[in-house]
Each structure stands twice: as structure tokens, then as C-alpha cells.
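Below: one structure, written as C-alpha cells.
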Amino acid sequence: MTPASAMTRCDILHEDRFLIVVNKPHGVLSHPNPKAGKPQMAAFEGSYDHDRRCFKTAAGMVWLLHRLDQDTSGVLLGAKDEKTAAACRAAFEAELVRKKYLALCSGSAAKPEGVWLDHLITAHAKHQVRTTVRHGARPNAEAKYRVLEANALNRVVLLEVELITGKTHQIRVQAASRQLPLVGDDVYGSFDLNRKLRKTILAKRLFLHAHELSLKHPASGQQLTVKAPLPPDLLAVLEAAGMKAV
């Protein structure tokens, strides 16, 4: 990791003439919310143009190529010019960008690995965003998972989840619909269980981390893979749960 630059206060995982990849901390927005009445800390510095999806920083423009929820930490990708941004967005739309997450869930997975296929619907109301599963409809959301480790005593399982599609709250909703709510999820999870796990394994926030992103570099054509290590608070949760660090 390299220290933050004038473009961002986040740790920089990769930077070249065309791309900048940062490790977004928990609690930091991917971009500011225009409806919020108070200053907000975003992944990149400067003013944000919502129409163009770019930041104007003191060191130049940064185009935001995807988003992470405020409560999710990990790899976030930006482009330094509009041509690169267009090429990367086309790759996202064509599902050519691989995104892997680490998710600690309550319960136990039915199989060591598998595919989640669902039809997800997202609704916006009263400044809240909620996603639900529509059963029986043609799937529009796909994710692959594999079990990395499980602890029967605490009834938690650590999954690596690869998003094939990128729906709002996709991992959280798909996991919860299979009786695998994410630890610390105060929207789709169990409040009673979260309260218990806060005491037993020190789980004070959502355990969801974007730990790997891979794409073909738009300039060189070479495969670029960037990883973000688990932050200390999530490592502490794994240790308390008797699980190994990833």
C-alpha cells in the first residue's frame, strides 16, 4: 500500500497514468450524497459531478467506475481520463470485471460452493434503499460463492463471494434469503443475533469486504488484479470467532 495522494485520503492499492485503485474504509462514501445537508467524507477528494460520475481533485479528475456501500470496505476503482473510464464501464457492463468479496455469515452453507441466482428488485423511498427477492421471476442477479472456513461453535461461516452482476445490496440480500445473513447487517440481518455476536466475537459492524478486483487494463491489455487486505477490526472478529485470517 502507498500513502494517500492529493486525489484521495484512502490508501492507494495501485496507481498508474490511467487508473487509481484505493482501499475504501468502512464508513466512507464512494461518492457524496447530494441530498445530505452536512459535509461527507468520500473515497476521492474534491467536488463530485453526479452526471459525469467524476471527482475534480487538486491533482486532476477521477472518474468513479463502480460503488461500494458506505458500510462495505475494500477495493474501489477510479479512472484518470474519460476514455479510460468509458472502456472500464464497458467492461463492467459486459461482466468482464471480476469482483470478489469476503462475507462472514451467520448459519452454515448447504454446500462448500455454489451459485446464487435470484430476481432482485430495488425500491427507493424516504431516503432509504431496500432490495428484495421476487420469487419465480427470471433471475437478474448472479453470484458464486465458496466456503473458506466455518466455525460450528459460533455458527458462522466465512464465504468468498464473486459477483457476476452488480445489484444494490446484492450479496447481503442473496445471503439473507438463504438463511445466511451477514454478520453485523442491521438492514437484512437479525438484530438479536447481531447483538449477541457483538458480545461474543466483537462484531460491531457489517462484515463485508471487497478484497479483490481483476480486469484487463484498458491501456496495456494486461490482466490487472488488485487485492485489499482485511482491516484490523474484521481481522479481530475472525480471531474472536476462532477462524484464520485470510
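Taking the options Asp81, Asp51, name whichever one is of a type in the set (D, E, K, R) and modelled with pLDDT of 95 or more. Going through Asp81, Asp51 in turn, just one is of a type in the set (D, E, K, R) and modelled with pLDDT of 95 or more: Asp81.
In the range 44-58, the residues that are without any contact (Cβ under 8 Å) to a residue 40 or more places away in the chain and open to solvent by 100 Å² or more (accessible area, probe 1.4 Å) form Cβ pairs under 6 Å with partners that are outside any loop (DSSP other than H, G, I, E, B) and not basic (Lys, Arg), at six or more places apart or across chains, as follows: Arg53/Leu64; Lys56/Ser47. Has the range 92-101 got any residue that is among the hydrophobic types (A, V, I, L, M, F, W, C) and closer than 15 Å to Arg9 by Cα? Scanning the range 92-101 turns up no residue that is among the hydrophobic types (A, V, I, L, M, F, W, C) and closer than 15 Å to Arg9 by Cα. Across the range 104-143, the number of residues qualifying as β-branched (Val, Ile, Thr), farther than 30 Å from Met243 by Cβ and open to solvent by less than 70 Å² (accessible area, probe 1.4 Å) comes to 3. Residue-level analysis places Leu77 among those that are buried (at least 18 other Cβ atoms within 10 Å of the Cβ), within 22 Å of Val161 (Cα to Cα), aliphatic (A, V, I, L, M) and in contact (Cβ under 8 Å) with a residue 12 or more places away in the chain.
Of the numbered criteria (1) within 28 Å of Arg53 (Cβ to Cβ); (2) aromatic (Phe, Trp, Tyr); (3) open to solvent by 60 Å² or more (accessible area, probe 1.4 Å), the one Phe191 fails is (1). Could you say whether any residue in the range 198-216 is modelled with pLDDT under 95 and of a type in the set (Asp, Glu)? Scanning the range 198-216, I find no residue that is modelled with pLDDT under 95 and of a type in the set (Asp, Glu), so the answer is no.
Screening the candidates Leu202, Leu206, Leu234, Leu213 for the property of being in a loop (DSSP other than H, G, I, E, B) and either under 16 Å from the mean Cα position of the chain (by Cα) or polar (S, T, N, Q) (or both) yields one hit, Leu206.
So that you can scan it fast, the table gives a plain yes or no per residue for (1) among the basic types (Lys, Arg); (2) out of contact with any Leu (no Cβ under 7 Å at 6 or more places or on another chain); (3) more than 27 Å from Ile12 (Cα to Cα); (4) free of Cβ contacts under 8 Å to residues at least 60 places away in the same chain:
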residue	(1), (2), (3), (4)
Gly136	no, yes, yes, yes
Asn154	no, yes, yes, no
Glu160	no, no, no, no
Ser177	no, yes, yes, yes
Ser190	no, yes, yes, no
Arg195	yes, yes, yes, yes
Leu202	no, yes, yes, yes
Val226	no, no, no, no
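Looking at Arg178, is it of a type in the set (Lys, Arg), crowded, with 16+ Cβ neighbours inside 10 Å and farther than 21 Å from Gln70 by Cβ?
Numbers: of a type in the set (Lys, Arg): yes; crowded, with 16+ Cβ neighbours inside 10 Å: yes; farther than 21 Å from Gln70 by Cβ: yes.
Taking the combined requirement at face value, the residue satisfies it.
Go through (1) outside any loop (DSSP other than H, G, I, E, B); (2) over 30 Å from Phe18 (Cα atoms); (3) of a type in the set (Ser, Thr, Tyr) for Thr225 and report which single condition fails. Just one mismatch for Thr225, condition (2).
The values are calculated or read from the model by the stated rules, or taken from the named source; none is laboratory data. This one's a predicted model, so the numbers in the text were calculated from it and none came from an experiment. Methodologically, a virtual Cβ is constructed for each residue, glycine included, from the backbone with ideal geometry; neighbour enumeration extends over all protein chains shown. Heads up: the accessible areas ignore ligands, DNA and RNA and are worked out on the full protein's heavy atoms, side chains in. Shrake-Rupley method; radii C 1.70, N 1.55, O 1.52, S 1.80 Å.
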